[in-house]
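Please treat every number below as a calculation from the coordinates, not as lab data. The shown structure was predicted, so the numbers you read here are calculated from the model rather than taken from an experiment. Note that we place each Cβ from the backbone using ideal geometry, even for glycine, and neighbour counts take in every protein chain shown.
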Amino acid sequence: MDLKSDIRGLLQYVPLFRGKLFVIDIDWVTANDAVKAEIMMDLSALQQVGVKLVVSMCVEQAQDFFDYSAEIELRVSSVVRSCVDDGLDELLDRGQAFVIAREGELISDELIGVSGSLHAAKLICVSSDPKLMDARGEVVKFIHIDEFAEDVSESNHATQIQAVKACRLGVPRVHLLDVSQQGVLLSELFSAEGVGTMFYTDSYRSIRPITEEDISEMLGMIGRSVRNTHLVPRTFEEVRDNIGAYYVMEVDDNVVGCGALYEYGDCAEVACLYVKQSHEGTGYGAVMVEFLEDKAKSKEAGYVFALSNRSADFFKKIGYDEMDVRCLPEERAKRLLESGRASRAFKKAII
């Protein structure tokens, strides 16, 4: 799917980003002309949705950046600033971006300082320096700074070390992006998974109890699966009356999945399990199930079970065995029979 054509996906980020400050450190000299043009269009798009911009680069690269800015009418101060200039807040408040001169390496200590003093929501490094890779050679999309092994210095690059340092000094999120990738800024910022590595200090992915305000969103989210008879239909009132059983998963402050846990004495049912189509294949379904299993364990349930008419492979993969539906708790077996659904049952011991 082309991210730029997915307007609905883009719009969910607009209220989250409006009024926020992003500091963007660009290795401008290594970008080719096509990438430079794409970066400028991305910066303009961010500015148009209300993001305040500070751009960092070597002073020798600034004039070329200003030339590109003029072509697309980016609102930017034409004077290269230093990190210690007064009046930067005033420039930002009137809607202008500005360029600050970088001394030395990317994500310098000085740039970290200005990011903190301006209360930047993000510090973004667009360069040819390596993103964080896992043992399989795949990009690590996001990592909490407490999970980053700084002591393995030979495998860590200076920008990665500085990214963690910036987080520890008050910048909530630091992104490392590949300067050779066209459209990399929007692809990273306007999607939950992104394309680079994001270091973070806050809760990027979380599961929390549903609130009454979430119910309509959840019902809309699961509507496709309900229509295709994969999930049991639910009404607003039914969810509200059993609100303590429901949980939602958030990624980057956006609800992307849900699940419920119904208790039956010595066991519990994992139900209403759903992950948005745009996030299928991410492993979030298994994460939600594990969360619900832990909840059941805390309530001293001996086992959990799930009913499904299409997810046998999923449940077997995460340790569930098929069971006879006649062995379900009597109340649940009766409701299944009355529903007429041809669901299969899967069980997992959790003691």
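Brief remarks on what is shown
- Going from the fewest other Cβ atoms within 10 Å to the most, the residues Asp89, Asp252, Asp25, Asp241 appear in the order Asp241, Asp89, Asp252, Asp25.
- Selection among Ser78, Tyr204, Met218 by position relative to the dipole of the chain gives Met218 as farthest towards the positive end (Cβ unit charges, Cα centre).
- A crude spin-label estimate for the pair Glu138 and Leu169, with each label 7 Å from Cα along the Cβ direction, gives 3.4 nm.
- Cα gyration tensor category, rounded, prolate or oblate, for the chain with a/c compared to 1.5: prolate
- Overall form of region 264-351 per C-alpha gyration tensor (a/c, 1.5; a/b vs b/c): oblate
- For the pair Glu147 and Asn228 in one chain, pulling the backbone fully straight at 0.36 nm per residue adds 25.2 nm over the alpha carbon distance.
- Vicinal HN-Hα couplings computed from phi for region 127-139 (Karplus, 6.51 cos²θ - 1.76 cosθ + 1.60; Hz; Gly/Pro x): 7, 8, 5, x, 6, 6, 10, 8, 5, 8, x, 9, 5
- Inter-probe distance in nm under a simple model that places probes 7 Å from Cα toward Cβ, at Glu263 and Arg94: 6.1
- Glu237-Leu16 FRET efficiency (beta carbon distance; Förster radius 25 Å; 0.05 resolution): 0.25
- Normalised by 2.2 N^0.38 Å, where N counts its residues, the alpha-carbon radius of gyration of region 272-315 equals 1.25.
- Shape index of region 206-349: Rg/Rh, with Rg the Cα radius of gyration and Rh the Kirkwood radius from the inverse mean 1/r over Cα pairs, equals 0.93.
- Gyration tensor (alpha-carbon) shape descriptor, region 3-202, a/c threshold 1.5: rounded
- Rg ratio for region 300-351: its Cα radius of gyration over 2.2 N^0.38 Å, N being its residue count, equals 1.12.
- If R0 is taken as 41 Å, the Cβ-Cβ distance between Ser78 and Asp202 corresponds to a FRET efficiency of 0.70.
- Residue with peak Gaussian network fluctuation, the chain [Cα springs, cutoff 10 Å], from Leu337, Leu123, Leu273: Leu337
- Long-range HN-HN contacts of Arg81 with modeled amide H, under 5 Å: Val99, Ile100, Ala101
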